Structures are given as C-alpha cells and as structure tokens.
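Read the structure below first, then the notes.
The values are calculated or read from the model by the stated rules, or taken from the named source; none is laboratory data. This one's a predicted model, so the numbers in the text were calculated from it and none came from an experiment. Quick reminder, even Gly has a Cβ in these numbers, built from the backbone with ideal geometry, and neighbours come from all protein chains shown. Just the protein is used for accessible areas: all its heavy atoms, side chains included, with ligands, DNA and RNA removed. Shrake-Rupley method; radii C 1.70, N 1.55, O 1.52, S 1.80 Å.
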Amino acid sequence: MTELKSIIKVFSAIPLLNKVVHEQKNPFFVVDLPPEAASQIMDRTFLVRSLFEYWAEGHTKEELYDNLRKLSKDFIAPFLKHDKTFRVKIEAYNKTLTPDQKLEKIQSLPQDVLDFQGKANLKWPDNSFHLFEYYGPAGSTPYEEPSVIYFGRFLKDGQRDKIQQYHLQKRHFIGNTSMDAGLSLIMANMGKVKHGDLVYDPFVGSGSLLVACAHFGAYVAGSDIDYTIVHGVGKSSRHKNKKRSSDESIHTNLKQYNLQHHYIDILLADSSKHNMLRTGVQFDAIITDPPYGIREPSKKIAGTRDKNNTLDVKTNYSLSESFLDLLNFAAKFLKLGGCLVYWLPIYRPDYTEDNIPQHPSLKLVGNCEQTLTTLIARRLIVMEKCSTCQGDVGEKGAIVVEDHYKNNFRDRYFQVGLPQTQYNGEEQINSKDTEDDT
Amino acid sequence: MKLITHNMLTSNIIKGVTKGFPLKIVAPTDKVQIVEVDFNPEFTSRMMHKLDYDALYTAAETLGHSEGLPKEVVPDFETNEEFLKKVHHVLMQIEVQEGELVCPETGRAFPIHNGIPNMLLKEDEV
C-alpha cells in the first residue's frame, strides 16, 4: 500500500484514493480510479501484481451471481460480441483447486449474464475474465468456503518483469551488500523518484539504488567512506572472481542499462560530515541503505587514541548515531515534499514503534517490515520533509524515543533465528497484491 | 568530478573553517575531459535555482572552459534554451579526472583521482 500511495503522489494529477478499503492480509483490494491514472500506476508499480476492472463480488457465490446479474446490459454487451474472443480463469488464494473444481466453478457462472457470443481463446483472448476466490491469509489453513469472491476483467500487469532486467546476477559491478533489483526499484517508487529529479545516496556502495533511481529518469550522485568500493578495486564480491576487473564502477553499471547520462558524481567522503555540502544544496530524494554494522562496519572519521596511543582514525559509529545523523542530513538537504527512504535493521523481540528515529521536519509516511528470520528484520522507512528547519533544530533535531541499539545489534543478529517469509499481523514487503478497479 | 558537484562542495568539514566555499580547482589541462551528456532543459533550469552561479562561472573559467558562458545569469534563464545549453555544458559535460580541490581558508588540498574527489580528513583536522 505504501508503494501504491507513493506512486500516486508522483502523478499528482491523480485524485487521491477515496477510502481504499484494504484488509491487511487480503491481497485483493478495490479502488476507484480514472483509467488513465490506473495505467500510470501500473506502469510504475512492482508490488501490485495486476489490475482488473471490477465487475462484482460476493461473500458467497450466490451473492456474486446476484451482483453480476445487477450489472447493466450496456456495460457487458461490448464484451459479448461474436467477434470478441474471451477466456475465463479462476484463481484461488491460499487453496489449490483441482482442474475439475475449476471447471465446475467457471461453468456455474450465470450463463444468462456472461452470454459470450464469441469464441473462447485460452492463450490470447481479446478479453480475459477472472474469478478470484479468497480462502484466507497465505500460509494459514484454507477456509472451507471462500470468504469473498471477485469477478473482473483483466486490464494491466505491474512491472515485476523489470526486476529481471536489472537483476544483480547480470550487473557488472556489485558489492557485498548491493541492494537487490526489486527492492531498489520499490525504494525508488517509495521515494517518488521521477524524471529530472536529483537523488543522493550517502552510503552508495556499488550504486544499486542509484541505478534504480536513474531508471526513473533521476540524476544521481552519492558518497561512500570506503575507498575500494568507490574506486571499484580490490577483492571481487562474486564467488568465482578473485579481483575486480579494471572497469568496475557505478558509472559502468549505469552504462550497462544506457543510463550513463544520469550519472553525476560519486564522492569518497564521510556522510556524517554534513558541512561538506553547502547550505542551499537540495535533493529531491535521498534513497539509501546505511550499514547495519554486520557485514559492513559503520564507520566515521574521528580522532580517538587507543591504549597504544595510536590514532584509530576510523572509529566505530554507533548505529543509533548513524540513523540520527541520516535524519539530520535529510532534514537539511531535502526539498519540501522530498523523501528519505532507508532500511532500519531491527531485532524483532525488542522492536516497538518508538524505535523509529524522528525529526520535527520529517513526517513518517511508510514503515514496512521485511522479515529475515524470526528474530531479525529490517524496516523500510519512508519519511517526507514537511517543514523547513531552522538553525539548530534542523541541524540536530533528530531524536529516537527508545534506542533500539542499546544492546549490541551485531551480536543479536548472529543469534539463531528461523528463516521466515511470513509473519502474522503485518503487511509484508514481499507480498503479492492484486488490485481491482471500478 | 563535474562542476555541478563542485558547486555543492565545501571544506567547512575542517576544524575551524567557516568560509570553505567555493573550493579552488587545480587540474592539469590534459586531465580535464569533455563528455557528452544528453541535454535536459527542465533539469538544467531547476538546477539554476539552486546553483551558486558565480562559483560555477569561476570554476569554468579556471578550467579554461568558460567561453560562451555569460558572467551573469540572464533574466529569462528559465526559458532561454541557448543559455541553458551553455549552462548544461559547463555543469554536466566538463569532467576533472585528476587534480585537487583547495580550501580557500587553509590551502588544504583534497585530491581528485579517477574523477572521484577524496573528501576524507586526517585525524587532526576533525
């Protein structure tokens, strides 16, 4: 839903969704959208699987058939013409239907209403009609009977296929923690990144987030404190290779997708040093994945002497501090309405909403969990700049009500937890959603 | 490093420095390249609102690539495509591959290598 709402804001001409009724774990929801808007949304979304024209629904099949009968003849007529091919497909969510059951359900649809004069074409019909039955949340015991049934006509698919196009397997230059293509594109959507935007990633690594933003037409820049990743040298992150080839860089990554015209610059820099950028610099979006202190250590430059009196130039940066810094950076350098999108790692047993860092100039608009194990997850946080900050409040206004990283996060990460893709009670960032349109 | 980036950078990260903008660019002529970048008038026009134009002009002049670029912003810059094209060239098409960015207050040089400025400080500068 967060991705959908962000996409809608990109196309500000679209009237806001009126009262979308969305039951948390139900992958189907009905929206009221003008057709052009619906098309624009489907051209950007990665999380919405498909869009259908809403015809009818029912809690029982009788109710569905009744509602189908109530549809106006004029509305249905164009699809029944003898020169229009059709097919009817049935999909059961959280249940497997046998071919016989499927056939039976399709055949019991009211023939007087769905009186197709044209031929059936299972592969490439002019119109594809779909019957959806919802048998409960995925992973739970399927209901005896579906709790809701929808009938609609297929309009458009979302952009899941684009994810293959940008897959990291084929990416020229990757790092140990490069963000996967699907998530990068979703983050760009959450950040409302659009053509002509100026986007910055202060923990840029191998630039996977910048590639996603450039895909939407943004001009991209970033910084990282690590010399080897910024210059694309040293040990390769790929299993087979020992050393990186000489042309591994963020620029070549963009060139791979013909996006090199959107490359601005990469800096070797410490992102905690906000004064590096002049006051007045403004970004349209800041999309980033800060180090969690696990595979890549969190570092910043500071002077501290260890017991041998040698200077530890790069000091460990407490996780809490790094997120507060990020918020202060975003509050200072985002345009009004611009978004900060970042991942916040959490230890699930301790997590509360108070753990999410806050800033007076930034409004929390998205908080989606990606569960990794029973114990560890990360949350995709989306914040929108809602007011300009003045002086100190801006520079240092970030706070966290309840510090999540009091106990060493890295140690907790390595505790044994069971891998999980489902979690009761929350909208999963990996969920497949389908959408109906009136 | 492109001049659009140079226009954002300061050396105020150094302890005690408050007037670290703009940084002076020192680069051998053969290490400054011209690349071709698609012209996007909306983007260039938007950037014009956020730029320090004087710093941009001086930087272009230092590198010897300011011909044709007016010293001052023209009043109709938002729609003047000819002007925007010249700004685009200077902002996006000039790349410094090797050189230095020098702090105007302390003279401290930040190296540029492979087109990437190194803004990391030493311990005693923080």
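Observations on the structure shown:
- Among B:Asp124, A:Asp180, the order of accessible area from largest down is B:Asp124, A:Asp180, computed with a 1.4 Å probe on protein heavy atoms.
- Gain upon complete extension [A:Leu71, A:Ile106; 0.36 nm per residue less C-alpha separation]: 10.8 nm
- Ranked from largest, the principal axis spans of the Cα set of chain B equal 48, 30, 20 Å.
- Spatially proximal aspartates and glutamates relative to A:Lys194 (Cα-Cα < 12 Å; intrachain offsets below 8 disregarded): A:Asp284
- Protection-proxy order for peptides A:216-223, A:105-112, each taking the mean of Cβ atoms within 10 Å per residue, highest first: A:216-223, A:105-112
- Overall dimensions of the stretch B:71-126, expressed as equivalent-ellipsoid semi-axes from the Cα gyration tensor (√(5λ), whole Å, largest first), are 33, 15, 8.
- Inter-part distance, the stretch A:69-112 to the stretch B:26-88, computed on C-alpha centroids, equals 61 Å.
- For A:Lys119, a cut-off of 18 angstrom between C-alpha atoms picks up these aspartates and glutamates, skipping any fewer than 8 places away in its own chain: A:Asp83.
- Sorted peptide list for A:233-242, A:161-170, criterion being average Cβ within 10 angstrom, highest first: A:161-170, A:233-242
- Computed from the Cβ-Cβ distance with R0 of 51 Å, the FRET efficiency linking A:Glu353 to B:Leu69 stands at 0.50.
- Solvent exposure of A:Thr98, expressed as accessible area, is near 70 Å², computed with a probe of 1.4 Å over the protein chains only.
- Stokes-Einstein translational diffusion, the stretch A:186-237 - Kirkwood Rh over all Cα pairs, 0.890 mPa s, 25 °C, in µm²/s: 213 µm²/s
- Note on the stretch B:13-126: Lys pairs 8 or more places apart or on different chains, Cα atoms under 26 Å apart, count 19.
- Working note: Cα atoms of the stretch A:118-245, range along each principal axis, descending, whole Å: 61, 37, 27.
- Shielding by partners - mean other protein chain Cβ count within 10 Å, residues of B:11-20: 3
- Two-site FRET efficiency, A:His82 against A:Thr60, from Cβ-Cβ distance with R₀ of 35 Å, rounded to 0.05: 0.60
- Note on A:Phe154 and A:Asn26: their simple-model spin labels are 2.4 nm apart, each label 7 Å out from Cα toward Cβ.
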